[in-house]
Amino acid sequence: LGSKEGEVLLYYCYCDVKDPEKLCAWQKALCQHLHLTGKVRVASEGINGTVGGSKVATNLYIEVMLSQTLFKDILCRDDFKSSAGGAHCFPDLRVGVFEEIVPMGIDPKKVSYKETGIHLSPQEFHREVEQHLSQASQGQSDTILLDCRNFYESKIGHFQGCLAPDIRKFSYFPSYVDENLELFRNKRVLMYCTGGIRCERGSAYLRSKAVCREVYQLKGGIHKYLEEFPDGFYRGKLFVFDDRYAICSNEDIISACRYCGTLWDQYKLCSSQHCRQLVLTCPSCRKKGLTACCPSCQEKELKVASGQALKEECDCTRRRPRVPIERGSQSTVDAGK
(Lines give C-alpha, C1' and ligand atoms only; values in the text may rest on other atoms or scores of the structure.)
Protein backbone atom coordinates (compact mmCIF):
# COMPACT_ATOMS: atom_id res chain seq x y z
CA LEU A 1 0.00 0.00 0.00
CA GLY A 2 2.89 2.36 0.68
CA SER A 3 4.61 1.82 -2.66
CA LYS A 4 5.63 5.05 -4.46
CA GLU A 5 4.94 3.46 -7.85
CA GLY A 6 1.24 3.81 -8.54
CA GLU A 7 -1.45 5.89 -10.17
CA VAL A 8 -3.85 8.76 -9.72
CA LEU A 9 -7.62 8.22 -9.96
CA LEU A 10 -10.09 10.86 -11.06
CA TYR A 11 -13.83 10.26 -10.68
CA TYR A 12 -17.17 11.76 -9.73
CA CYS A 13 -20.67 10.52 -9.06
CA TYR A 14 -23.81 12.64 -8.98
CA CYS A 15 -26.43 11.12 -6.68
CA ASP A 16 -28.63 12.10 -3.75
CA VAL A 17 -26.63 11.95 -0.51
CA LYS A 18 -28.83 12.12 2.60
CA ASP A 19 -25.98 12.33 5.11
CA PRO A 20 -22.91 14.05 3.57
CA GLU A 21 -21.08 14.20 6.93
CA LYS A 22 -21.33 10.44 7.36
CA LEU A 23 -20.14 9.81 3.80
CA CYS A 24 -17.27 12.24 4.37
CA ALA A 25 -16.12 10.45 7.55
CA TRP A 26 -16.29 7.05 5.80
CA GLN A 27 -14.39 8.36 2.79
CA LYS A 28 -11.66 9.86 4.96
CA ALA A 29 -11.22 6.62 6.92
CA LEU A 30 -11.11 4.58 3.70
CA CYS A 31 -8.42 6.78 2.12
CA GLN A 32 -6.32 6.79 5.27
CA HIS A 33 -6.57 3.01 5.56
CA LEU A 34 -5.37 2.61 1.96
CA HIS A 35 -2.60 5.24 2.33
CA LEU A 36 -4.19 7.42 -0.35
CA THR A 37 -3.62 11.16 -0.66
CA GLY A 38 -5.57 13.69 -2.69
CA LYS A 39 -8.81 15.67 -2.56
CA VAL A 40 -12.38 14.45 -2.12
CA ARG A 41 -15.44 16.73 -2.13
CA VAL A 42 -18.71 15.44 -0.71
CA ALA A 43 -22.09 17.20 -1.01
CA SER A 44 -25.77 16.41 -0.97
CA GLU A 45 -25.50 16.13 -4.78
CA GLY A 46 -22.73 13.48 -4.80
CA ILE A 47 -18.98 12.97 -4.58
CA ASN A 48 -15.95 14.17 -6.56
CA GLY A 49 -12.47 12.77 -5.96
CA THR A 50 -8.88 12.77 -7.13
CA VAL A 51 -6.73 10.36 -5.15
CA GLY A 52 -3.27 8.88 -5.58
CA GLY A 53 -1.53 5.81 -4.22
CA SER A 54 -0.10 2.43 -5.12
CA LYS A 55 -1.91 0.36 -7.74
CA VAL A 56 -2.89 -2.13 -5.04
CA ALA A 57 -4.45 0.72 -3.06
CA THR A 58 -6.25 2.32 -6.00
CA ASN A 59 -7.64 -1.03 -7.17
CA LEU A 60 -8.95 -1.72 -3.65
CA TYR A 61 -10.41 1.78 -3.53
CA ILE A 62 -12.35 1.19 -6.77
CA GLU A 63 -13.65 -2.17 -5.52
CA VAL A 64 -14.88 -0.65 -2.26
CA MET A 65 -16.49 2.31 -4.01
CA LEU A 66 -18.33 0.04 -6.45
CA SER A 67 -19.64 -2.10 -3.60
CA GLN A 68 -20.87 0.87 -1.55
CA THR A 69 -24.67 0.79 -1.48
CA LEU A 70 -24.99 4.48 -2.32
CA PHE A 71 -23.03 4.13 -5.59
CA LYS A 72 -23.75 0.50 -6.45
CA ASP A 73 -26.21 1.06 -9.30
CA ILE A 74 -24.77 4.40 -10.50
CA LEU A 75 -20.97 4.23 -10.45
CA CYS A 76 -19.10 1.82 -12.71
CA ARG A 77 -15.44 0.93 -13.24
CA ASP A 78 -15.30 2.96 -16.43
CA ASP A 79 -16.12 6.11 -14.43
CA PHE A 80 -12.64 6.01 -12.86
CA LYS A 81 -9.99 7.75 -14.99
CA SER A 82 -6.42 6.74 -14.19
CA SER A 83 -2.97 8.09 -14.99
CA ALA A 84 0.58 7.32 -13.88
CA GLY A 85 1.42 8.84 -10.50
CA GLY A 86 0.93 7.96 -6.85
CA ALA A 87 0.49 9.36 -3.35
CA HIS A 88 3.47 11.68 -3.93
CA CYS A 89 1.41 13.71 -6.43
CA PHE A 90 -0.48 15.35 -3.55
CA PRO A 91 0.88 17.03 -0.39
CA ASP A 92 -1.77 15.45 1.85
CA LEU A 93 -5.33 14.10 2.06
CA ARG A 94 -8.22 16.56 2.14
CA VAL A 95 -11.79 15.31 2.49
CA GLY A 96 -14.61 17.73 3.18
CA VAL A 97 -18.32 18.53 2.87
CA PHE A 98 -19.29 21.31 0.46
CA GLU A 99 -22.43 22.73 -1.14
CA GLU A 100 -21.27 21.63 -4.61
CA ILE A 101 -18.95 18.83 -5.69
CA VAL A 102 -17.53 21.17 -8.32
CA PRO A 103 -17.54 24.88 -7.37
CA MET A 104 -19.72 26.69 -9.93
CA GLY A 105 -21.15 29.06 -7.33
CA ILE A 106 -24.82 28.28 -7.99
CA ASP A 107 -27.17 26.39 -5.70
CA PRO A 108 -27.50 22.80 -7.04
CA LYS A 109 -31.23 23.05 -6.44
CA LYS A 110 -31.45 25.93 -8.93
CA VAL A 111 -29.25 24.36 -11.62
CA SER A 112 -29.25 20.61 -11.22
CA TYR A 113 -27.00 17.98 -12.77
CA LYS A 114 -30.26 16.24 -13.71
CA GLU A 115 -30.76 18.85 -16.47
CA THR A 116 -27.43 18.12 -18.14
CA GLY A 117 -26.67 18.02 -21.86
CA ILE A 118 -26.58 14.92 -24.07
CA HIS A 119 -23.58 12.71 -23.30
CA LEU A 120 -21.37 11.66 -26.21
CA SER A 121 -18.88 8.80 -26.05
CA PRO A 122 -15.28 9.62 -27.09
CA GLN A 123 -15.98 7.98 -30.48
CA GLU A 124 -19.16 10.04 -31.03
CA PHE A 125 -17.44 13.22 -29.88
CA HIS A 126 -14.50 12.55 -32.22
CA ARG A 127 -16.86 12.26 -35.19
CA GLU A 128 -18.67 15.46 -34.20
CA VAL A 129 -15.39 17.40 -33.92
CA GLU A 130 -14.24 16.01 -37.26
CA GLN A 131 -17.47 17.16 -38.92
CA HIS A 132 -17.31 20.56 -37.20
CA LEU A 133 -13.73 21.21 -38.36
CA SER A 134 -14.58 20.16 -41.90
CA GLN A 135 -17.60 22.48 -42.05
CA ALA A 136 -15.77 25.33 -40.28
CA SER A 137 -13.03 25.27 -42.92
CA GLN A 138 -15.76 26.04 -45.47
CA GLY A 139 -17.46 28.62 -43.25
CA GLN A 140 -20.55 26.45 -42.85
CA SER A 141 -20.41 25.18 -39.25
CA ASP A 142 -23.30 25.93 -36.91
CA THR A 143 -21.45 24.33 -34.00
CA ILE A 144 -19.38 25.77 -31.14
CA LEU A 145 -16.75 23.49 -29.62
CA LEU A 146 -16.65 24.87 -26.07
CA ASP A 147 -13.83 24.34 -23.57
CA CYS A 148 -15.30 25.05 -20.13
CA ARG A 149 -11.99 24.87 -18.26
CA ASN A 150 -9.83 27.74 -17.01
CA PHE A 151 -7.48 29.73 -19.27
CA TYR A 152 -4.30 28.23 -17.80
CA GLU A 153 -5.62 24.74 -18.58
CA SER A 154 -6.60 25.42 -22.20
CA LYS A 155 -3.37 27.39 -22.76
CA ILE A 156 -1.24 24.21 -22.72
CA GLY A 157 -3.75 21.89 -24.42
CA HIS A 158 -7.12 22.03 -26.19
CA PHE A 159 -9.19 20.68 -29.06
CA GLN A 160 -8.52 22.13 -32.48
CA GLY A 161 -11.00 24.83 -33.45
CA CYS A 162 -12.35 25.28 -29.92
CA LEU A 163 -13.69 28.34 -28.13
CA ALA A 164 -11.66 28.57 -24.89
CA PRO A 165 -13.01 31.28 -22.55
CA ASP A 166 -10.35 33.44 -20.91
CA ILE A 167 -11.67 32.78 -17.39
CA ARG A 168 -9.66 32.02 -14.25
CA LYS A 169 -12.24 30.00 -12.31
CA PHE A 170 -15.14 27.73 -13.21
CA SER A 171 -17.32 29.86 -10.94
CA TYR A 172 -16.96 32.58 -13.62
CA PHE A 173 -18.45 30.31 -16.28
CA PRO A 174 -22.13 31.20 -15.61
CA SER A 175 -21.31 34.92 -15.94
CA TYR A 176 -19.40 34.17 -19.14
CA VAL A 177 -22.50 32.47 -20.58
CA ASP A 178 -24.73 35.38 -19.49
CA GLU A 179 -22.44 37.97 -21.09
CA ASN A 180 -22.17 36.03 -24.35
CA LEU A 181 -25.66 34.63 -24.86
CA GLU A 182 -25.90 35.83 -28.47
CA LEU A 183 -22.81 33.80 -29.28
CA PHE A 184 -24.68 30.61 -28.43
CA ARG A 185 -28.05 31.48 -29.93
CA ASN A 186 -29.35 28.73 -32.26
CA LYS A 187 -26.00 26.94 -32.10
CA ARG A 188 -25.12 23.33 -31.50
CA VAL A 189 -22.66 23.29 -28.59
CA LEU A 190 -20.10 20.56 -27.97
CA MET A 191 -18.71 20.95 -24.45
CA TYR A 192 -15.70 19.32 -22.85
CA CYS A 193 -13.57 19.52 -19.70
CA THR A 194 -10.91 17.39 -17.94
CA GLY A 195 -12.98 14.50 -16.63
CA GLY A 196 -16.56 15.46 -17.45
CA ILE A 197 -17.74 16.87 -14.14
CA ARG A 198 -17.70 20.57 -15.02
CA CYS A 199 -19.74 19.84 -18.14
CA GLU A 200 -22.50 18.28 -16.03
CA ARG A 201 -23.47 21.52 -14.30
CA GLY A 202 -22.04 23.76 -17.04
CA SER A 203 -24.24 22.21 -19.74
CA ALA A 204 -27.24 22.36 -17.38
CA TYR A 205 -26.67 26.09 -16.91
CA LEU A 206 -26.30 26.68 -20.65
CA ARG A 207 -29.48 24.69 -21.34
CA SER A 208 -31.36 26.72 -18.71
CA LYS A 209 -30.85 29.82 -20.88
CA ALA A 210 -32.86 28.22 -23.72
CA VAL A 211 -30.80 29.80 -26.51
CA CYS A 212 -28.90 26.81 -27.91
CA ARG A 213 -30.35 24.43 -30.43
CA GLU A 214 -28.60 21.46 -28.83
CA VAL A 215 -26.05 20.98 -26.04
CA TYR A 216 -23.74 17.96 -25.99
CA GLN A 217 -20.87 17.02 -23.69
CA LEU A 218 -17.92 14.65 -23.83
CA LYS A 219 -18.55 11.75 -21.46
CA GLY A 220 -15.50 11.07 -19.31
CA GLY A 221 -13.89 14.29 -20.49
CA ILE A 222 -10.51 14.70 -22.17
CA HIS A 223 -9.16 11.87 -20.00
CA LYS A 224 -11.36 9.28 -21.70
CA TYR A 225 -10.98 10.84 -25.14
CA LEU A 226 -7.18 10.54 -24.97
CA GLU A 227 -7.45 6.88 -24.02
CA GLU A 228 -9.23 6.28 -27.33
CA PHE A 229 -7.57 8.96 -29.47
CA PRO A 230 -4.12 9.83 -28.07
CA ASP A 231 -3.22 11.49 -31.37
CA GLY A 232 -6.68 12.82 -32.22
CA PHE A 233 -8.05 16.36 -32.31
CA TYR A 234 -6.88 17.24 -28.80
CA ARG A 235 -3.40 18.73 -29.03
CA GLY A 236 -0.91 19.52 -26.27
CA LYS A 237 -0.87 18.60 -22.60
CA LEU A 238 -3.79 17.85 -20.27
CA PHE A 239 -3.67 20.04 -17.15
CA VAL A 240 -4.28 18.20 -13.87
CA PHE A 241 -4.84 19.64 -10.39
CA ASP A 242 -1.95 18.00 -8.55
CA ASP A 243 1.82 18.34 -8.30
CA ARG A 244 2.31 16.97 -11.82
CA TYR A 245 0.40 19.93 -13.34
CA ALA A 246 0.10 18.15 -16.69
CA ILE A 247 0.07 14.75 -18.38
CA CYS A 248 0.64 14.13 -22.08
CA SER A 249 -0.49 11.80 -24.85
CA ASN A 250 1.08 13.53 -27.86
CA GLU A 251 4.27 15.47 -28.53
CA ASP A 252 2.67 18.78 -29.48
CA ILE A 253 3.65 21.91 -27.54
CA ILE A 254 1.15 24.70 -28.17
CA SER A 255 2.14 27.24 -25.49
CA ALA A 256 5.16 29.47 -25.01
CA CYS A 257 7.55 30.73 -22.35
CA ARG A 258 6.20 33.80 -20.56
CA TYR A 259 9.44 35.72 -21.12
CA CYS A 260 11.19 34.67 -24.35
CA GLY A 261 8.36 33.14 -26.36
CA THR A 262 10.04 29.81 -27.04
CA LEU A 263 7.73 26.76 -27.09
CA TRP A 264 7.23 25.59 -23.51
CA ASP A 265 4.38 23.93 -21.59
CA GLN A 266 5.68 22.92 -18.16
CA TYR A 267 4.16 24.99 -15.36
CA LYS A 268 5.90 26.10 -12.20
CA LEU A 269 4.53 28.10 -9.30
CA CYS A 270 5.41 31.79 -9.31
CA SER A 271 8.58 32.24 -7.27
CA SER A 272 7.13 35.16 -5.28
CA GLN A 273 6.27 33.69 -1.90
CA HIS A 274 2.95 35.57 -1.72
CA CYS A 275 1.72 34.43 -5.15
CA ARG A 276 0.08 31.14 -6.14
CA GLN A 277 -0.17 31.79 -9.89
CA LEU A 278 1.29 29.31 -12.37
CA VAL A 279 3.93 30.45 -14.83
CA LEU A 280 5.40 29.06 -18.04
CA THR A 281 9.09 29.91 -17.96
CA CYS A 282 11.68 27.87 -19.86
CA PRO A 283 14.96 26.58 -18.35
CA SER A 284 16.97 29.29 -20.10
CA CYS A 285 14.85 32.08 -18.60
CA ARG A 286 14.81 30.42 -15.19
CA LYS A 287 18.61 30.43 -15.21
CA LYS A 288 18.42 34.17 -15.76
CA GLY A 289 16.24 34.49 -12.65
CA LEU A 290 12.98 35.01 -14.54
CA THR A 291 10.86 32.77 -12.34
CA ALA A 292 7.81 34.90 -11.45
CA CYS A 293 4.43 35.07 -13.20
CA CYS A 294 4.87 38.73 -14.18
CA PRO A 295 7.35 41.63 -13.80
CA SER A 296 5.45 42.92 -10.76
CA CYS A 297 5.92 39.63 -8.92
CA GLN A 298 9.54 39.46 -10.06
CA GLU A 299 10.24 42.88 -8.54
CA LYS A 300 8.39 42.11 -5.32
CA GLU A 301 10.19 38.79 -4.95
CA LEU A 302 13.52 40.63 -4.87
CA LYS A 303 12.23 43.08 -2.25
CA VAL A 304 10.82 40.27 -0.10
CA ALA A 305 14.14 38.43 -0.36
CA SER A 306 15.87 41.55 0.95
CA GLY A 307 13.67 41.55 4.02
CA GLN A 308 10.91 43.95 2.94
CA ALA A 309 7.51 42.29 3.37
CA LEU A 310 4.90 43.10 0.71
CA LYS A 311 1.29 42.16 0.20
CA GLU A 312 0.87 40.49 -3.20
CA GLU A 313 -1.13 42.35 -5.84
CA CYS A 314 -0.42 40.48 -9.05
CA ASP A 315 -0.67 42.63 -12.20
CA CYS A 316 -1.23 39.66 -14.49
CA THR A 317 -4.46 38.72 -12.71
CA ARG A 318 -5.63 42.22 -11.75
CA ARG A 319 -5.56 43.39 -15.37
CA ARG A 320 -7.31 40.30 -16.75
CA PRO A 321 -11.07 40.80 -17.37
CA ARG A 322 -13.03 38.62 -14.97
CA VAL A 323 -15.53 37.72 -17.67
CA PRO A 324 -14.44 38.27 -21.30
CA ILE A 325 -17.01 39.27 -23.91
CA GLU A 326 -16.49 37.50 -27.23
CA ARG A 327 -16.76 39.74 -30.30
CA GLY A 328 -17.71 36.96 -32.71
CA SER A 329 -17.65 33.19 -32.98
CA GLN A 330 -15.50 33.06 -36.11
CA SER A 331 -12.63 35.01 -34.57
CA THR A 332 -12.57 32.80 -31.51
CA VAL A 333 -12.63 29.65 -33.61
CA ASP A 334 -9.75 30.97 -35.70
CA ALA A 335 -7.84 31.70 -32.48
CA GLY A 336 -8.51 28.14 -31.35
CA LYS A 337 -6.97 26.81 -34.56
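Being in contact with a Gly (Cβ under 8 Å, 6 or more places away or on another chain) and aromatic (F, W, Y) is a condition met by at least one residue of the range 213-226. Scanning the range 187-196 for residues that are assigned to a loop (DSSP other than H, G, I, E, B) and open to solvent by 10 Å² or more (accessible area, probe 1.4 Å), we see that the one that is farthest from K81 (Cα to Cα) is K187.
Okay, residues lined up against (1) in contact with a Lys or Arg (Cβ under 9 Å, 6 or more places away or on another chain); (2) in contact (Cβ under 8 Å) with a residue 60 or more places away in the chain; (3) open to solvent by 10 Å² or more (accessible area, probe 1.4 Å):
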| residue | (1), (2), (3) |
| --- | --- |
| R198 | yes, yes, yes |
| A204 | yes, yes, no |
| R207 | no, yes, yes |
| C212 | yes, no, yes |
| H223 | yes, yes, yes |
| L226 | no, no, yes |
| R235 | no, yes, yes |
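Taken together, F241, F184 contain a single residue that is surrounded by fewer than 18 Cβ atoms within 10 Å (Cβ to Cβ) and under 25 Å from M104 (Cβ atoms), which is F241. Being within 18 Å of the chain's Cα centre (by Cα) and not hydrophobic (A, V, I, L, M, F, W, C) is true of S83.
Scan the range 165-182 for residues that are closer than 19 Å to C316 by Cβ and hydrophobic (A, V, I, L, M, F, W, C) and the total you get is 1. Does any residue of the range 96-113 turn out to be open to solvent by 80 Å² or more (accessible area, probe 1.4 Å), touching a residue at least 60 places away in the same chain (Cβ under 8 Å) and out of contact with any Cys (no Cβ under 6 Å at 6 or more places or on another chain)? No, that holds for no residue. Within the range 3-42, the set of residues being open to solvent by less than 30 Å² (accessible area, probe 1.4 Å), under 19 Å from the mean Cα position of the chain (by Cα) and either over 16 Å from D92 (Cβ atoms) or of a type in the set (K, R) (or both) comprises E7, L9, Y11, C13, Y14, V42. V129 fulfils the conditions (1) buried (at least 21 other Cβ atoms within 10 Å of the Cβ); (2) part of a strand (DSSP E or B) except for a single criterion, (2). Determine if the range 52-62 includes at least one residue that is assigned by the TED database to the domain that holds N150, of a type in the set (S, T, N, Q) and either in a helix (DSSP H, G or I) or more than 29 Å from K4 (Cβ to Cβ) (or both). The answer is no, given that none of the residues of the range 52-62 is assigned by the TED database to the domain that holds N150, of a type in the set (S, T, N, Q) and either in a helix (DSSP H, G or I) or more than 29 Å from K4 (Cβ to Cβ) (or both). Would you point out which residue out of L280, L263, L290 is farther than 30 Å from R94 by Cα, surrounded by 15 or more Cβ atoms within 10 Å (Cβ to Cβ) and not aromatic (F, W, Y)? Every option except L290 fails the conditions.
The number of residues in the range 2-33 being touching a Leu at 6+ places or on another chain (Cβ under 6 Å) and free of Cβ contacts under 8 Å to residues at least 60 places away in the same chain comes to 1.
The values are calculated or read from the model by the stated rules, or taken from the named source; none is laboratory data. What you see is a predicted model; the values in this text were computed from it and never measured. As a convention, Cβ positions derive from the backbone with ideal geometry for all residues, glycine included, and neighbour counts pool all protein chains shown. Quick note on the areas: whole protein, heavy atoms, side chains included, nothing else; ligands and nucleic acids left out. Shrake-Rupley method; radii C 1.70, N 1.55, O 1.52, S 1.80 Å.
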